[in-house]
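The values are calculated or read from the model by the stated rules, or taken from the named source; none is laboratory data. In this text, all values refer to a predicted model and were calculated from it rather than measured experimentally. Positions of Cβ are backbone-derived with ideal geometry, glycine not excepted, and every protein chain shown enters the neighbour counts.
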Amino acid sequence: MPSGRRLAFAGSVAIGAALAVGELIAGLVPGVPSPLLAVARFIVDIQPPGAKEIVVGLFGTADKVAFQVFIVLVAALVGAALGRLSAKRPDAAAAALVVFTFAGFLASLREPGVAATLSVAAAAVEALVGIYLLRRLVALAPPPGTGVAASVKPGVVRAGSATRRPEGSSMPDWSRRTLLQVGGTLAVGSVAAGTLGRILLERQRAPAVPVTAIPSVPVPALLPSGADLATTDLSAAGLSPIVVPNASFYRIDTAFIPPTVDRATWRLKVTGLVDHPVELTYDELVALPIVEQFVTIACVSNEVGGDLVGNAKWTGVPLRAVLDIAGVQSNADQLVGRSVDGFTAGMPVEWVMDRSRVPMIAVGMNDEPLPRAHGYPARLIIPGLYGYVSATKWLAELELTRFDAFQAFWVPRGWSAKAPILTQSRIDVPARGASVPAGRTAIAGVAWAPDRGIRAVEVNIDGTGWTQAKLSTPISKATWVQWLYPWDATVGAHAIEVRATDGTGEVQTESISSPAPDGARGHDRVQVTVR
Ligand SMILES: Nc1nc2c(c(=O)[nH]1)N[C@H]1C(S)=C(S)[C@@H](COP(=O)(O)O)O[C@H]1N2
Ligand SMILES: [Mo]
């Protein structure tokens, strides 16, 4: 291995170990944020509008992991550069390392619940570990330009040889083995320490007391109950259920670790342009009339045919019941839902005041307390609006303000301030690129246009014309419907296309738009082979 690469390896390992130490301290010491998460969140927060198409896909769970792996890889590249620098100018490399750890510390200051003194101490430990290992490992790599004997029988390495430097090109290439062994061991140890740190951090954040059931008050259902649904559910293998179970419900948010909220100390504030600011405890909130309704929520970054959409039964308090206690002033045109973690979503006051819908502060999801990932203990559910402009999870505050006075989280990042859910339909079966046997087969899927409702769904096979699909009985205008078209499939390649008509009679547009700034447009299409 050329000496440049060894130096790079040495540097990457040193940086990786420093990062791992940071993760471990974060796991062990409450109040010290994970450096990796702090940097990840900082990048999400500062992303320029141009980056929105890349970063908006980040909020799925798998994407969050991928994003962190990416940051670690970037850190390793920085480490590689520092390794090379360290061979010539060790002090400059050490200084750069201090700058990087300090930048990580600054990013971590923005995290909720951070103890600044502990965090700066942790950053100092990270920097010292990084500098120490950088020096030790770089010392194991020969300086650039030093020739190294190409083929020497690898010697047996004893622990003490780790610090010895090769004295010339005729020496056996022990340094290489030693560097690889020491570096490799450190790298493996770092991954283990980092993982342990993250497990401990998750544990710190996990609720101390098990989540208890939603209040056992009589719940007047606004809409048909689950029992009625069973009979209307269309069935086809692979078709989405009308009600999506909590465990498989899509999850999108900017939280790398979902906030843990203690229901006993949680408060909901109503602030801003109101007659009387209000502060409610959880018990006070759920003492208000409780309602239940099925609502389909969707993510604006859902692509045509994508799965960032779902329908659930929500239990909670009508939002207007709380707003009425505060008294909304007439000049307020925007309601901002603010999360305990600082996320904000802004929606028109007019939309939530419209008597035709029942926006709610949900505390239950599909007859269970709101799961932590979906906003425990309370979140907003506003029929008809995309999640980023409405569905605030881990809700802490309702602020009455004006669109010209405040921009919610995603707005300065290139997304529309107002974003009603667009009419969409999706083909669930047959799957994209599937091969199906000839004969009668189901083409089926879901269609939604909350809260205008779905009037019709049509299927077009091979561009031969639009034919009506059968619909499940809609629960309400705020929910999706299933659709099904029994198809007599003939051998060959076929293209299937779908479109929906909403409750106002407007046909889903076929002109394509990307998710940004206000949702994806266009028809879902699949190609299948019939054999
Ligand atoms: N606190 C908080 N609430 C949030 C978000 C967030 O990032 N933070 N994301 C919103 C977005 S973009 C969507 S699509 C919905 C998703 O809700 P779900 O994860 O329960 O499906 O939550 C919304 N509420
Ligand atoms: Mo979203």
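Miscellaneous remarks
- Residue check for residue 428: farther than 17 Å from residue 235 by Cα and either surrounded by 16 or more Cβ atoms within 10 Å (Cβ to Cβ) or out of contact with any Ser or Thr (no Cβ under 7 Å at 6 or more places or on another chain) (or both): no
- The range 233-280, subset among the charged types (D, E, K, R) and either buried (at least 20 other Cβ atoms within 10 Å of the Cβ) or part of a loop (DSSP other than H, G, I, E, B) (or both), residue farthest from ligand 2 (Cβ to nearest atom): 275
- Within the range 454-517, strands (runs of 3 or more DSSP E) holding 1 or more residues that are small (Gly, Ala, Ser): 454-461, 481-489, 492-502
- Any hit, the range 292-313, residues being away from ligand 1 (no atom under 16 Å from the Cβ), at pLDDT below 95 and of a type in the set (Asp, Glu): yes
- Within the range 330-342, considering residues that are part of a loop (DSSP other than H, G, I, E, B) and closer than 18 Å to residue 268 by Cα, the one nearest to ligand 1 (Cβ to nearest atom): 341
- Filtering the range 392-407 to residues that are away from ligand 1 (no atom under 13 Å from the Cβ) and surrounded by fewer than 19 Cβ atoms within 10 Å (Cβ to Cβ) leaves 402, 403, 404, 405, 406, 407.
- Single residue of the range 281-301 satisfying the filter (within 16 Å of ligand 2 (Cβ to nearest atom) and touching a helix residue (DSSP H, G or I) at 6+ places or on another chain (Cβ under 8 Å)) that is farthest from residue 396 (Cα to Cα): 301
- Pick from the range 398-415, criterion at pLDDT 95 or above and within 21 Å of the chain's Cα centre (by Cα), ranking: farthest from residue 342 (Cα to Cα): 407
- From 476, 472, residue being closer than 22 Å to residue 351 by Cα, in contact (Cβ under 8 Å) with a residue 60 or more places away in the chain and touching a Phe, Trp or Tyr at 6+ places or on another chain (Cβ under 8 Å): 476
- Within the range 518-531, the set of residues being surrounded by fewer than 17 Cβ atoms within 10 Å (Cβ to Cβ) and not in a strand (DSSP E or B) comprises 531 only.
- Flag not set for residue 488, criterion: without any contact (Cβ under 8 Å) to a residue 60 or more places away in the chain, of a type in the set (Asp, Glu) and on the phi > 0 side of the Ramachandran plot.
- Number of residues in the range 284-301 that are assigned to a strand (DSSP E or B) and of a type outside the set (Gly, Ala, Ser) equals 7.
- Criterion: at pLDDT below 95, away from ligand 1 (no atom under 15 Å from the Cβ) and either under 25 Å from residue 480 (Cβ atoms) or among the small types (Gly, Ala, Ser) (or both) - qualifying residue of 432, 455, 426: 432
- The residues of the range 186-200 that are among the polar types (S, T, N, Q) and either surrounded by 15 or more Cβ atoms within 10 Å (Cβ to Cβ) or over 15 Å from residue 33 (Cα atoms) (or both) amount to a single one, 190.
- If you go through the range 113-128 and pick out every residue that is touching a Gly at 6+ places or on another chain (Cβ under 9 Å) and surrounded by 19 or more Cβ atoms within 10 Å (Cβ to Cβ), you end up with 4.
- Counting only strands (runs of 3 or more DSSP E) that sit completely within the range 343-448, those holding 3 or more residues that are touching a residue at least 60 places away in the same chain (Cβ under 8 Å) correspond to 344-348, 360-365, 395-401, 424-429, 439-448.
- Residue within the range 311-325 that is in a strand (DSSP E or B) and within 16 Å of ligand 2 (Cβ to nearest atom) present: yes
- Out of 239, 273, one residue alone is touching a residue at least 40 places away in the same chain (Cβ under 8 Å) and within 23 Å of residue 450 (Cβ to Cβ). It is 239.
- Residue ID - nearest to residue 425 (Cα to Cα), chosen from residues in the range 502-531 that are under 31 Å from the mean Cα position of the chain (by Cα) and hydroxyl-bearing (Ser, Thr, Tyr): 509
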